[in-house]
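For reference, the structure discussed in these notes is given below.
The values are calculated or read from the model by the stated rules, or taken from the named source; none is laboratory data. Bear in mind that the values here come from a model prediction, so they are computed numbers and not experimental data. Don't worry about glycine lacking a Cβ; one is built from the backbone with ideal geometry, like all the others, and counts go over all protein chains shown. These area figures cover heavy atoms from the full protein model, side chains too; ligands, DNA and RNA do not enter into them. Shrake-Rupley method; radii C 1.70, N 1.55, O 1.52, S 1.80 Å.
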Amino acid sequence: MAHSLKILFFLFSILSIIPLSHQLEQQPLDSLTPNEFIRVQAIVNQSHPTSTTNLTFQYIGLNEPDKQTVLSWLQNHPTTTPPPRQAFVVARINHQTHELIIDFSRDDIVSDRIHHGFGYPSLTFQEEIDANQLVFNHAPFLAALNKRGLKLEEVVCGSFTIGWFGETKQNGRVVKIMCYYLDGTVNLYMRPIEAITVTVDLEAMKIIHFQDRLVVPVPKAAGTDYRESKQKPPFGPELKGITVVQPDGPSFTINGSRVRWANWDFHLSFDARVGPVVSLASIYDTEKQEFRRVMYRGFVSELFVPYMDLTEEWYYRTFFDAGEYGYGLCAVPLEPLRDCPANAVYMGAYVAAQNGMPIEMPNIFCIFERNAGDVMWRHTETMIPPDL
């Protein structure tokens with residue numbers, strides 16, 4: 001009897017769309033579709049025709065309807081139509097940050113606010129890639145590598161945002177480029193090229209400061225590559241395979257972005273900034289014979305990570321994981337039979353490229369059931385008599 005009970009799991013990688021036959025019902029909190037991304041791009045470009053060379057899309061996502069509007073629709077569904085769909089857009093236009101709201105029913109921008117004050121929009125992959133590549137044509141950087149006896153083709157670099165330390169004057173959209181040495185390993189963080197700092201202005205996309213403070217030996221590569229393919233014997237005993245069989249199929253159903261399982265009913269969506277979003281989660285109350293709402297909207301909160309090392313190349317590393325880099329943008333496809341079991345169902349999503357066009361992110365969710373008999377946690381209390 002115990003083995004007939006199951007637990008529903010959903011995994012998100014951090015980081016393929018459900019087949020069209022599953023997409024039967026659109027809800028107000030559904031993520032933007034590829035067509036909606038394309039419409040956003042067209043509307044914004046048409047409204048700023050002279051700014052195409054200085055227009056980048058830092059974020060495009062759903063502009064969620066008011067909570068009471070959503071709850072009213074939910075209460076009267078399916079006799080009422082969903083509220084109008086809108087997109088919230090953060091774009092850099094002529095070196096200014098615009099916060100725009102686009103109404104798809106009107107195919108128009110209904111709000112265009114220029115952000116003033118501190119704070120900048122999140123990075124895009126393209127500007128990070130472009131900034132990282134600048135160092136490979138920068139003569140002082142090449143000289144610094146040569147001084148250390150390092151091979152240019154083994155160097156990889158990353159963009160790091162800089163924290164705020166009480167400055168009263170904004171320093172623009174700036175990142176610092178830190179580089180690492182491979183040459184025998186892919187564990188790049190084990191081999192930093194210390195004491196070299198390259199500062200890049202993202203707006204001008206050029207290096208504005210370079211510093212080579214001192215030469216620090218790069219750690220050895222030996223013993224730092226932990227990929228499965230690089231491991232050598234002796235190995236531990238090989239485990240035998242485990243198969244989960246569901247001859248009658250899964251107990252959950254997926255209708256568009258709505259997931260139903262056992263006495264649970266919830267909506268699953270995706271956002272480039274916060275990643276997975278679980279909304280309208282309800283559980284069926286057997287006593288009242290009705291669904292009881294337990295959560296309107298839940299997602300991973302912003303995480304602030306200060307490194308707090310006082311050295312020149314480390315002190316400024318104070319990451320805002322969602323706001324600066326985006327949990328959703330960091331998603332990677334989940335691998336069948338490695339990340340998720342054979343009985344998993346996969347869902348994907350889309351994010352916007354820097355030019356506003358949709359980018360497909362396949363298999364970033366997997367949904368599956370597992371036996372409830374697998375212990376997740378337990379508590380032992382010695383004061384309870386053993387026969388109770």
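Restricting attention to the stretch 202-217, the residues being surrounded by 14 or more Cβ atoms within 10 Å (Cβ to Cβ) and within 16 Å of residue 141 (Cα to Cα) number 5.
Being at pLDDT 95 or above and open to solvent by 70 Å² or more (accessible area, probe 1.4 Å) is the requirement here; does residue 227 meet it? Outline the logic, then answer.
Working: at pLDDT 95 or above: no; open to solvent by 70 Å² or more (accessible area, probe 1.4 Å): yes.
No; evaluated as a whole, the condition is false for this residue.
Residues of the stretch 261-280 that are of a type in the set (Asp, Glu) and farther than 15 Å from residue 293 by Cα: 271 alone.
Within the stretch 62-95, the set of residues being open to solvent by 70 Å² or more (accessible area, probe 1.4 Å) and either within 23 Å of residue 39 (Cβ to Cβ) or acidic (Asp, Glu) (or both) comprises 66, 81, 84, 94.
If I filter the stretch 133-175 down to residues being assigned to a helix (DSSP H, G or I) and open to solvent by less than 20 Å² (accessible area, probe 1.4 Å), which single residue comes out as nearest to residue 208 (Cα to Cα)?
Of everything passing the filter in the stretch 133-175, 135 is nearest to residue 208 (Cα to Cα).
If you filter the stretch 89-142 down to residues that are among the aromatic types (Phe, Trp, Tyr) and either closer than 17 Å to residue 48 by Cα or at pLDDT 95 or above (or both), you find that the one that is farthest from the chain's Cα centre (by Cα) is 141.
Would you call residue 356 surrounded by 14 or more Cβ atoms within 10 Å (Cβ to Cβ), at positive phi and within 12 Å of the chain's Cα centre (by Cα)? So residue 356 does not fit the description; no. Candidates 238, 194: the one that is acidic (Asp, Glu), surrounded by fewer than 17 Cβ atoms within 10 Å (Cβ to Cβ) and at negative phi is 238.
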